[in-house]
Amino acid sequence: MIDFSGKVALVTGGSRGIGAATVSGIVSAGGSVVVHYGSNRDAAEKTAADAGTDQCHLVGADLNEAAAASGLWAAAIGWKGHIDILVNNAGVFYPAEVDCTDAHWREAWQRTLQINLVATADLCREAINHWREKGAGGSIVNVASRAAFRGDGPDYWSYAASKGGIISLTKTLARAYSAEGIYTYAVAPGFVATDMAVESFAHDPALRDRVISEIPMGEIAPASDIANTICFLASGLATHATGQTIDVNGASYVR
């Protein structure tokens, strides 16, 4: 049985989609959550209200800013004095056609890598230093993507590259710090029924049909499937899975 009693988690991108479902899962198992949001405080407040306001603390931060991760971590620690679980879920899926302007191309790569990979690494660093200073262990779950392994569409080079980096980061941290009780995992979803997916379908109206045609289950995964996997990995019930990536993609890509 998963039990997060006495545990505090920081969930980035916690206001919607996978993040909101993860917040709900942790709170329902007795934990407390620092809910990070980028700009949509209303959505974060709704997530907290739905999960349990007393067990949630909201912190806004624009992870596209270089120093935002350290500020977010400091604010998260300030709530209860410790963080036991870090879920790096925040991410962007930002298109850049191969023949777009140079300015748009650079923006897509810089923004995607900063939010999806660099901010994730910054928060992992903050967490590991925190746990080592306290002499305590902790759990990190990084949300990667099926794209890390099979690649993505022609307009999403930067997204696939950023998620490939997440996988390498996760393996490196597991090898380096597991002996200290710091366990690191990755979850690699395919398409999930989130606002990000809706925005992608708006950019390419035929995408939804193509996506569903590739999924043997015939449907896009609900956010709860990924959240349940995150909660299991963060629970401490399978510490020897540290360094591993769990695929949740409806058998659309089987490694």
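So how many residues does the stretch 198-255 have that are surrounded by fewer than 16 Cβ atoms within 10 Å (Cβ to Cβ), of a type in the set (V, I, T) and in contact (Cβ under 8 Å) with a residue 12 or more places away in the chain?
Qualifying residue count for the region: 1.
Could you list, in sequence order, all residues of the stretch 106-117 that are without any contact (Cβ under 8 Å) to a residue 40 or more places away in the chain and either touching a Leu at 6+ places or on another chain (Cβ under 6 Å) or closer than 21 Å to A148 by Cβ (or both)?
Q110
Return only the number of the condition from (1) at pLDDT below 95; (2) assigned to a helix (DSSP H, G or I); (3) small (G, A, S) that A44 does not satisfy.
(1)
Kindly indicate whether A174 is part of a loop (DSSP other than H, G, I, E, B), surrounded by fewer than 20 Cβ atoms within 10 Å (Cβ to Cβ) and not acidic (D, E).
Answer is no for this residue.
Does the stretch 87-116 hold any residues that are part of a helix (DSSP H, G or I), hydrophobic (A, V, I, L, M, F, W, C) and within 25 Å of L207 (Cα to Cα), and which are they?
Matches in the stretch 87-116: W105, A108, W109, L113, I115.
Quick check on this structure: which one of L86, L72, L63 is crowded, with 21+ Cβ neighbours inside 10 Å, in contact (Cβ under 8 Å) with a residue 60 or more places away in the chain and out of contact with any His (no Cβ under 7 Å at 6 or more places or on another chain)?
On the way: L72 fails: out of contact with any His (no Cβ under 7 Å at 6 or more places or on another chain); L63 fails: in contact (Cβ under 8 Å) with a residue 60 or more places away in the chain.
After ruling out the rest, the residue left standing is L86.
Residues are listed down the side, and each one gets a yes or a no for (1) more than 30 Å from V33 (Cβ to Cβ); (2) in contact with a strand residue (DSSP E or B) (Cβ under 6 Å, 6 or more places away or on another chain); (3) not in a loop (DSSP other than H, G, I, E, B):
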{"position": "D155", "(1), (2), (3)": "yes, no, no"}
{"position": "A160", "(1), (2), (3)": "no, no, yes"}
{"position": "K163", "(1), (2), (3)": "no, no, yes"}
{"position": "S178", "(1), (2), (3)": "no, no, yes"}
{"position": "S200", "(1), (2), (3)": "no, no, yes"}
{"position": "G236", "(1), (2), (3)": "no, no, no"}
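If you scan the stretch 1-33, which residues turn out to be of a type in the set (A, V, I, L, M, F, W, C) and under 20 Å from L117 (Cα atoms)?
Correct list: A9, L10, V11, I18.
The values are calculated or read from the model by the stated rules, or taken from the named source; none is laboratory data. Since the structure is predicted, the reported quantities are computational estimates derived from the model, not experimental observations. Note that each Cβ is placed from the backbone with ideal geometry, even for glycine, and that neighbours are counted across all protein chains shown.
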